[in-house]
1. Looking for whichever is farther than 19 Å from S260 by Cα, of a type in the set (G, A, S) and open to solvent by 10 Å² or more (accessible area, probe 1.4 Å) here; the options are G169, G181. Which one fits?
2. How many of the residues making up region 184-203 are modelled with pLDDT under 95 and surrounded by fewer than 19 Cβ atoms within 10 Å (Cβ to Cβ)?
3. Just to verify a result, which residue in region 125-141, among those that are more than 16 Å from R301 (Cα to Cα) and in contact with a helix residue (DSSP H, G or I) (Cβ under 7 Å, 6 or more places away or on another chain), is surrounded by the most Cβ atoms within 10 Å (Cβ to Cβ)?
4. Please work out which one of (1) under 21 Å from the mean Cα position of the chain (by Cα); (2) in contact (Cβ under 8 Å) with a residue 24 or more places away in the chain is the condition A135 fails and give its number.
5. Exactly one of these conditions fails for S206: (1) open to solvent by less than 30 Å² (accessible area, probe 1.4 Å); (2) without any contact (Cβ under 8 Å) to a residue 60 or more places away in the chain; (3) in a helix (DSSP H, G or I). Give me its number.
6. I need a count of the residues in region 155-166 that are of a type in the set (S, T, N, Q) and open to solvent by 10 Å² or more (accessible area, probe 1.4 Å).
7. Of the residues D215, D228, only one is within 18 Å of S256 (Cβ to Cβ) and either open to solvent by 40 Å² or more (accessible area, probe 1.4 Å) or modelled with pLDDT under 90 (or both); which?
8. Among the candidates V164, V174, V149, which residue alone is at pLDDT 95 or above and under 16 Å from the mean Cα position of the chain (by Cα)?
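The values are calculated or read from the model by the stated rules, or taken from the named source; none is laboratory data. All values reported here derive from a predicted model rather than from experimental measurement. Note that each Cβ is placed from the backbone with ideal geometry, even for glycine, and that neighbours are counted across all protein chains shown. Only protein heavy atoms, including side chains, enter the accessible area calculation; ligands, DNA and RNA are left aside. Shrake-Rupley method; radii C 1.70, N 1.55, O 1.52, S 1.80 Å.
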Amino acid sequence: MRIKSKDIADALGISPSTVSLVLNDRPGVKESTRRKVLAYMEQISEQEYRQKAHSDKEGTVVMLNYIKEGMVLERAVSGQYPAPAQIEEAVKSAGYRFLSLAFREGKMKMETLLKRLKSEQVKGIYIMASDMQQADIYPFLQLKIPLVVGDNLFNEQGIDSFLVDNQEGIARGVNYLIEKGHSNIVYLAENIKIFNFLERREAFISEMAKRQGMDTSRKIRYLGSNVDEVYESMKKYLDEGLKKTTAFILESSVVSLGVSRAILERQIRIPRDISLIGFDALPPVSLLKIDLTLIKGTHTRRHLAAIKHLMRRIEDNETEIVRTYYKTRLLEGDSVFDKTKYIYHT
């Protein structure tokens, strides 16, 4: 936009003729006035540059939670999905609009979602994709915009991934139990095959095989795909007796809730009779007063890093595929008995 001499004069409180002399590099103007006019022009140019850069970024960055019906705990989903404030702030400070959405498979049509994304002028999408199967990514490829996924891998499609290190997390849990004197450990799983769960199961088999030198896949027990199913299956499992098992690793928060309910209902003492380690943060509901020892991934920081990476993808079109793993933490509760320190009688 070309600014007029009169506008400059009005802004600085000088005459248009003085401004004209400065702009045409003519004599007859005090040096201080000349510097003031030139500084103002530089300021205007910088503002125009910023406005142009901002308009070039016009569009929306989306954070999308992909939910397969029956695979997750019931969540409050009404078309919006709450995102940490720092993620929204990071997107807006970069000059984009921010939109947080949830897509529930079986309850929403993919065509409806894609239509909305196109109408919002979406420049890139970060998909929380732990529930997704490989075929589920293809509709999003039709948009021909940068995609980044969390908790899944789509290497053949050239999509960057930010993941919890499931192998490291399971190794951390197994090591913790072994250090506490447990060797007869069973892994309690959901009966669905999603990325995080498959990685955790493979890691458990591998970690136990290192220590016992045999196929330990029989140490995995599949219970169900929701809390009620897990609870009912666990009751039947307990009817068989714990035998020599002294510790369970619980694959997910769904398993943690269902298993804990069944164990406590049978008045089996935690941790004296059985020790428990859960994987994943628990939902904001009571876990029957159990202070569960947890293997927990980093979520907010990982999602923020993924969003920032997505915006770099939008702006520079890098071609290298990135896979970024985040280590887990073990949060000690009181659900693991230390057999190395105590001898007790039942």
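1. Answer to the selection: G181.
2. Number of matching residues: 5.
3. The extreme case among them is S130.
4. Against the list (1) under 21 Å from the mean Cα position of the chain (by Cα); (2) in contact (Cβ under 8 Å) with a residue 24 or more places away in the chain, A135 comes up short only on (2).
5. Just one mismatch for S206, condition (1).
6. If we filter region 155-166 for residues that are of a type in the set (S, T, N, Q), which is where we start, we get 155, 157, 161, 166.
Next cut, open to solvent by 10 Å² or more (accessible area, probe 1.4 Å) only: 155, 157.
Residues meeting the conditions: 2.
7. D228
8. V149
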